[in-house]
Structure formats: C-alpha cells, structure tokens
Amino acid sequence: MALRFFNTYSRQLEEFRPRDPTAHNIDIYTCGPTVYSRAHIGNFRAYIFEDLLQRHLELRGYKVHRVMNITDVDDKTIRGAREAGVPLSKFTAQFKQAFFEDIETLRIKRADEFPAATDRHYIDKMIEMISLLIFRGMAYQAEDKSVYFRINKFSDYGKLAHFDLTQLQSTGRVKHDEYDKEHIGDFALWKAWDEEDGDVGWESPWGRGRPGWHIECSAMATALLGDQIDIHCGGVDNIFPHHEAEIAQSEGVTGKKFVRYWLHCAHLLVDGQKMSKSLGNFYTLPDLLEKGYTGREIRYALLRVHYRTPLNFTWEGMDEARQALARIDEWLGRLRETTAKKIDKGKNTTAPGQEFEEALDDDLNISAALGFLFESIRETNRAMDQNEMDAATANTWLNWWERVNSVLGLKRDLASTGEFTLTGGDVQMTHGPPPEIAKLAEARVQARLAKDFQTSDELRDKIAALGWEVRDTKDGQKITRRAGEPG
C-alpha cells in the first residue's frame, strides 16, 4: 500500500509524494512549545503524533530532517518574565529545560534542530522577510508603528482553514486594535515596542520592536529547510490563524508553494471536557508521574487513538494503557522462554505479515495497527499454550516486535525488568528482584499454602505498591516488574 495522509489543505486523503522522490529525503517542520509555562499533556499528544509520523517514515526507508521551533518571545512569555521580575531569557530557560526533560521521559525523538525565535540569526531573517513583503506591497506600517500583512494581497488566504474572510475577528495573539488597520484580518509581522515589553526588543527599519508569532515560524522553517517543505504538522488550533499566516507570508516572499502536506492533530479532552485550570483538569507530565504512572504508560495512552480523532483522557484510560503494556511484556517474556525450549518444528510456524506497517501507511491508522498487534499476541499465545510454536518461529516474532517497536517506542529495557516464579517454596529467577520483594513473595506463597487468602491478598497489595505485579499461573506465582516501572 502506498503511503497516504489526510492533507488539511485539500481536505482529502492523498498519496504521499515527497518533493524529491529519488533522494528519499523528507523535510518536516513541527510547531513546538511556547515556553511561558510547562507543556501540558494536550501539547504532548500532538508531539507524540509527530514522533509516530517520523518513526513510521523512517521505517519505510525515508531519511527525515525535522525541525521543531521554540517560541520564546510573545505576549505571554514577556508578561511572565515581567511578573517574575527576571529577564526574558532566564524566565523561558526553565521551561525549555522542562520540555526537553519531558520529551525524554515520553521517548519522543529529538528533532534535528530546535530553533529559538530570539536567536539573532532568525531575528535578522524575520526582518529581511518583512522588508521584502513591504517592498512588494504585501505589508505596511500602521499608525501604531507596527507592521501588518495585507491579507487582501494574497488571494489564497483562508484556503487552508476553508475560512470565510468576512467572519474574521481579532485574535488573542494580536493586541486589540488601538489604531485602524486596513483590514481586521491583517496580522502583525512586527510589533512596535511599548512599555509593557520592558527590555525586550530589537532594532529594525520600523523602530524598536519584536516579531509577530507567525513570522517567527516562517523565518525559522525557511532558514533551516528551504523555501519548500514536504510536511508541516501541528494541532488543529494552529490551522487558523497561525498556519494560514505562515503560508501567506512565506509564499509572499518566495513565490513558491510553501508546504506540500499539512497534517493536524485533534484536541485532547479530559473526561469529555476541554482541559482547563479552572475546571481542575489541567495536567502536565509531572502531575501524571506523581500519580504513579510512567512515561511509557503515558506515551501509550496518548498514542493509541488516531491523530485526527479527539482523544478523551481518563484515569481509566491510563489503567488500560498499563494493562496493555503488561500484556505486551508478558507476551515477549513467553516468546523469549520459547526460544530456549527444544521443541520439534511446531505446528504453528506462521510468520508475521505487513499488516502493522500497512495500517500506518493509511494515514497513520494506529488503531488498526495496534489491533493487529494484539490479535497477533492472542494467536501466538494460543500456539505457545498448546506447545505448537518452535524456537525459530518465536525468534521471528521477537524480530518482528523490534521492527514494530521502532515505531511505537514502547519497549521496556530488560536491564530494569525483574521476573521470577515461585512454586511452593522454590524460587526460580529470571532477573533478580530486590530482597524485600522476594521476601514478600515467599510469604505470600506460604499464606496461600495455608489457605490464608486474606493475608495473601494483603501481601499482593504490598508488592503492587512497590511497583511489582503478582499473577498466579499454573506454574506457580509469577511476579514481574509493573509495565513501565523504572528499575
């Protein structure tokens, strides 16, 4: 199956054809965080979707060059720095560091570049682009000394959002109009300095000021990836006005089609409601980690729903993610055990197919891909239950998992995995558990032999509280480190 993506611009599924099909290189630009506060799980839902996209393209043999910007100057960052009484760079530095810590926790691959809007090189690029737009009559300086883009000079303005320009209203990213602009939809390219900006500002041909949000991305994207980009990603809230403005100003400068494919991720809801601090349902990654969930579990929970479908975050969903990972871990453990068994050629030697990859070829259909993964787990577990799988077939499935995991990023490091089985009073160890866990597990075996099931249940709870999971199997009590639990 050919790769297909839903292009927001055309509102259609389109076969993916990179700009240079012979070189197999792909350029991707993704809108990153505005570092006025710590990124929330809704942000990371989008970043994980973009990570899935990159990983799948790489699985399919493409070399991906990805750029993710960092917006470190805008109204919110300036206001935050002023309220904190610290320079802008110091205020944003803490949230930049937190962002990189969080993407590491969530196993999100780092972009090749993370350009910051305040970098002098990009400020110069922004000024250069704005100057050219003014020269071409596509921008003007208003009475308030700010520079605005003339949307009526760009005939395709509104086509990305499929927007009726007569319905335009002022947005929160642009200050309320104190002076008349030529059109209410004209957006700021350069904002004139005022007292609230404090020491934040750069000199320009139009006076001291700072860039508008939209021009920042156009400058950084074209500086690092060139005039034309294969794929541009972001959340649906970026479509208008941000991405619409990016198209207008970029193509106004270059005269070339800016982006071939626009991919946008749907919103994240919490218990069916929009996430909001006022509703008490606003969560950052540390909030979830403090509740005992791991980065691996959070990644799965944010990954498992198709990117164009709103994701409803619930605590039940987090527990389902934990259970799904435990199921994968148990399956992998059984496959490894099977590779060590001397079984004659099994009756079930079915090799994995391409269904997982083909599901993702179809607009990153992660739901279908995970469905195939768990159906494969069911079938192979059945074969292992009936001793119908030989070591070679088990190895084939383990190798297939490595390929799948290169996209999902869910593999648990075996160095931090503990597993042991107790039958009666005997202990068989795969990876040594802490002595405290072994002692509790042995006490639970003795309680079950004495039919003291209340004590057995209490010991199970104590073991679980320490990050280990107890399962009673036909081979005895099996204890494994809980899915995603650090070593």
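Numbers at a glance
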item	result
Per-pair calculated FRET efficiency, R0 = 25 Å: Glu355 and Ala464 via Cβ, rounded to 0.05	0.10
Alpha-carbon centroids, the stretch 258-290 and the stretch 373-411: separation in whole Å	33
Pairs of Cα atoms farther than 15 Å apart, the stretch 34-111, %	60
Label point distance in nm, Ala340-Ser276, each placed 7 Å from Cα along Cα→Cβ	5.6
Residues listed by number, the stretch 6-47, amide nitrogen under 20 Å from Glu83 label point at 7 Å toward C-beta	33-43
Sum of -39500 (n - 2.57) over DSSP H runs of 4+, divided by residues of the chain (222 nm, nearest 500)	-13500 deg cm²/dmol
Å² of accessible area per residue within the chain, as computed with a 1.4 Å probe and no ligands counted	45
The chain: antiparallel DSSP beta bridges as a percent of all, rounded to 5	60
Inter-probe distance in nm under a simple model that places probes 7 Å from Cα toward Cβ, at Ala161 and Asn381	4.8
5 angstrom amide H check on Ala139, placed H, neighbours 5+ away	Ile134, Arg150
Neighbour-limited loop hits for trypsin sites (Lys or Arg not before Pro), the stretch 1-96 (at most 16 other Cβ within 10 Å; DSSP other than H, G, I, E, B)	Arg11, Arg19, Arg60
Distance violations [Cα-Cα > 19 Å] among Lys159/Lys257; Lys90/Lys277; Lys159/Lys181; Lys63/Lys109; Lys109/Lys257; Lys342/Lys478	Lys90/Lys277; Lys159/Lys181; Lys109/Lys257; Lys342/Lys478
Amide H contacts of Trp468 (H built 1.01 Å from N, under 5 Å, at least 5 apart or other chain)	Arg482
Potential extension, Ser37-Leu289 segment - 0.36 nm per residue separation minus Cα distance	88.9 nm
Under DSSP loop assignment and at most 10 Cβ neighbours within 10 Å, longest GluC sites (Glu not before Pro)-free interval of the chain	179-487
Residue-span extension gain [Ala23 to Phe135] - 0.36 nm each, minus C-alpha spacing	36.7 nm
Full-extension gain in nm, Glu104 to Lys145, via 0.36 nm per residue minus C-alpha separation	10.5 nm
Relative contact order of the chain, pairs being alpha-carbon contacts under 8 Å that are 6 or more residues apart, as %	15
Estimated FRET transfer efficiency (Asp124, Asp237; beta-carbon r; R0 51 Å; 0.05)	0.95
Spin-label proximity, Glu113 to the stretch 50-90 - amide N less than 18 Å from point 7 Å beyond Cα toward beta carbon	63-73
Cleavage-rule hits, chymotrypsin sites (Phe, Trp or Tyr not before Pro), the stretch 71-167, DSSP coil, Cβ neighbours within 10 Å at most 16	Phe163
Protein accessible area in the chain, 1.4 Å probe - carbon and sulfur %	47
Inter-part distance where the stretch 77-105 and the stretch 209-237 are each reduced to a Cα centre, Å	21
Estimated inter-spin distance, Asp227 and Arg208, nm [label 7 Å along Cα→Cβ]	3.7
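The values are calculated or read from the model by the stated rules, or taken from the named source; none is laboratory data. This is a predicted model, so every value here is computed, not measured. Note that each Cβ is placed from the backbone with ideal geometry, even for glycine, and that neighbours are counted across all protein chains shown. Heads up: the accessible areas ignore ligands, DNA and RNA and are worked out on the full protein's heavy atoms, side chains in. Shrake-Rupley method; radii C 1.70, N 1.55, O 1.52, S 1.80 Å.
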